[in-house]
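J.: One structure coming up, written as structure tokens, with questions to follow.
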Amino acid sequence: MSINSLTLNKFRNFDKETLSFESRYVFFLGQNAQGKTNLLEAIYYLTCAKSFRTSRISNLVNFNSDYFYLKGISLKNNLADVLEVSFKNGEGRKHKYNGVLLKKGEYPWGIIPTISYSRKDLKLSEEEASLRRKFIDQELSFLSKTYFYHLKRYNRALKQRNAALKNKHSGESEVRLWDEELVVHGLYIIKKRREFIDTLNILSRLAYRRLTGSSEELKIGFRCQLNDLKEKDPESAYRARLTSVYQRERKLGYTLFGPHKDDLEIVINDNDIRQFGSSGQHKSVVLSIKLALIEIVKKESGVYPLLLLDEVFSELDEKRIVSLVQIIKRKKIQVFFSGDHLPACLSKFFTDNTTFFLVSDNQVKLQERPLAVRPDLAS
Ligand code: ATP
Ligand code: MG
């Protein structure tokens, strides 16, 4: 997929901008705090109905406004797919696909699939399990409405069950009432996560090898308390597990078993990256996961996603920068980059099919030629 035009109205630091992207590679270059990441965020919000850096939609509204509006057009064989999103304080948000308002609870996922990389993603390999679960759930939900449905049902049942466990006045039956929901939706979630992680493991290992040019072996495993439930009757085994811990759960006030405890294990040459990873290794691992995702999205949805890379070249050595660009160029996908300059080692890779925008003073201007040096150092 590609996005051929983007309109922003009162989004973040922009007043009104309409940008055309006729090329496959688009660079937003400029100094700090000019709005480069905001432009990538606009594309992500439009296509994924989420920001990759805030969960508060009101943060996206320009300080001098009470609404924002985004529109993106994707052209294919002379047919246009049009996505729009608007938000007004006090009124909420509205998504439209080809002029038709999406119902409440519906999202434009999958129409123009998008994968983003930003600094925040480094937390994936660094911090707590909940972030990795969120990442898996988000990507699987973008790919499958059924997964999203089961996830919502599971989370609702878990919340109710935990509330009953905490409530001294509720009896065992009020807690156990929710077990069936946990089992049905929980097993579906685990199955899909396992399939996803198995593929992610294979593809990201390959991507890591290509990206780093090293013999280091990346392994991504699925840590699941219920991993041993592969037997004939996983439902009964799950139920029995819940029964066996009931008294402990009652004391603690929360549910001890289930996919809400799952995690990803990320290992390089048998060493857990959280304990032993260098910053270059963390970045390479996360990028390899994102590169693997591109192929997963293509396999599942039939189309290649857009790729948004925020400040991707910082902290990577020249060899890895060049490898990354070579991998990306082989994939024939549309890529949006942001950064303060185009690294000199890349100028020969972006001589055609590339558009450069200079982002400055809350405006975006088309550039005739790339800034191969830092814009603040250019004479
Ligand atoms: P860097 O190179 O430091 O990453 P950047 O060009 O990516 O910078 P962004 O994060 O895209 O910068 O934009 C930051 C700018 O946007 C800041 O000046 C910030 O004050 C402004 N900004 C953020 N949100 C809003 C908003 N809701 N309304 C107006 N301006 C905003
Ligand atoms: Mg930025």
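J.: Check off (1) modelled with pLDDT under 95; (2) among the charged types (D, E, K, R); (3) in a helix (DSSP H, G or I) for residue 290 and give me the number that stays unchecked.
T.: Going through (1) modelled with pLDDT under 95; (2) among the charged types (D, E, K, R); (3) in a helix (DSSP H, G or I) one by one, residue 290 breaks only (1).
J.: Name, by its number, the condition in (1) at pLDDT below 95; (2) closer than 15 Å to residue 17 by Cβ that does not hold for residue 80.
T.: Of (1) at pLDDT below 95; (2) closer than 15 Å to residue 17 by Cβ, only one is false for residue 80: (2).
J.: Here is a further query. For the stretch 4-60, what are the residues that are closer than 16 Å to residue 310 by Cβ and of a type in the set (Val, Ile, Thr)?
T.: Listed by number, the residues that qualify are 26, 37, 43, 47, 54.
J.: Against the definition (of a type outside the set (Val, Ile, Thr) and either in contact with a helix residue (DSSP H, G or I) (Cβ under 9 Å, 6 or more places away or on another chain) or within 16 Å of ligand 2 (Cβ to nearest atom) (or both)), how does residue 102 come out, yes or no?
T.: No: the conditions fail for residue 102.
J.: I've got another one for you. Quick check on my filter: what residues within the stretch 255-276 are surrounded by 13 or more Cβ atoms within 10 Å (Cβ to Cβ) and either of a type in the set (Phe, Trp, Tyr) or closer than 30 Å to residue 174 by Cα (or both)?
T.: 255, 256, 257, 258, 259, 260, 261, 262, 263
J.: Would you confirm, using the coordinates I've provided, whether residue 141 is outside any strand (DSSP E or B), among the hydroxyl-bearing types (Ser, Thr, Tyr) and modelled with pLDDT of 95 or more?
T.: For residue 141, the condition - outside any strand (DSSP E or B), among the hydroxyl-bearing types (Ser, Thr, Tyr) and modelled with pLDDT of 95 or more - is met.
J.: Continuing with the same structure: Determine which member of the set 76, 120 is under 27 Å from residue 26 (Cβ atoms) and either among the hydroxyl-bearing types (Ser, Thr, Tyr) or within 16 Å of ligand 2 (Cβ to nearest atom) (or both).
T.: From the options 76, 120, the qualifying one is 120.
J.: Sticking with this one: Here is a list of conditions, (1) exposed (fewer than 14 other Cβ atoms within 10 Å of the Cβ); (2) under 25 Å from residue 128 (Cβ atoms); (3) more than 16 Å from ligand 2 (Cβ to nearest atom), and residue 299 meets all of them except one; can you say which number that is?
T.: (2)
J.: Only one residue in 196, 276 is out of contact with any strand residue (DSSP E or B) (no Cβ under 6 Å at 6 or more places or on another chain) and under 26 Å from residue 332 (Cα atoms), so which one is that?
T.: Selected residue: 196, the only one of 196, 276 that is out of contact with any strand residue (DSSP E or B) (no Cβ under 6 Å at 6 or more places or on another chain) and under 26 Å from residue 332 (Cα atoms).
J.: Pull up the stretch 304-342, narrow it to residues that are surrounded by fewer than 18 Cβ atoms within 10 Å (Cβ to Cβ) and part of a loop (DSSP other than H, G, I, E, B), then point me to the one that is modelled with the lowest pLDDT.
T.: Across the stretch 304-342, the extreme among qualifying residues is 315.
J.: So, one more: From the list 40, 102, which one is closer than 25 Å to residue 138 by Cα, surrounded by 14 or more Cβ atoms within 10 Å (Cβ to Cβ), among the hydrophobic types (A, V, I, L, M, F, W, C) and without any contact (Cβ under 8 Å) to a residue 24 or more places away in the chain?
T.: 102
J.: Looking at the stretch 253-266, can you tell me whether even one residue there is in contact (Cβ under 8 Å) with a residue 60 or more places away in the chain, within 16 Å of ligand 1 (Cβ to nearest atom) and not hydroxyl-bearing (Ser, Thr, Tyr)?
T.: No, because not a single residue in the stretch 253-266 is in contact (Cβ under 8 Å) with a residue 60 or more places away in the chain, within 16 Å of ligand 1 (Cβ to nearest atom) and not hydroxyl-bearing (Ser, Thr, Tyr).
J.: Write out, first by first residue and then by second, each pair whose Cβ atoms fall under 7 Å of each other, whose residues are 6+ apart or on separate chains, and whose first residue, in the stretch 9-36, is over 20 Å from residue 333 (Cα atoms) and within 16 Å of ligand 2 (Cβ to nearest atom) while the second is of a type in the set (Lys, Arg) and outside any strand (DSSP E or B).
T.: 30/36; 35/12
The values are calculated or read from the model by the stated rules, or taken from the named source; none is laboratory data. For clarity, every value in this text was computed on a predicted model and none was experimentally measured. Glycine also receives a Cβ, built like all others from the backbone with ideal geometry; neighbour counts cover every protein chain displayed.
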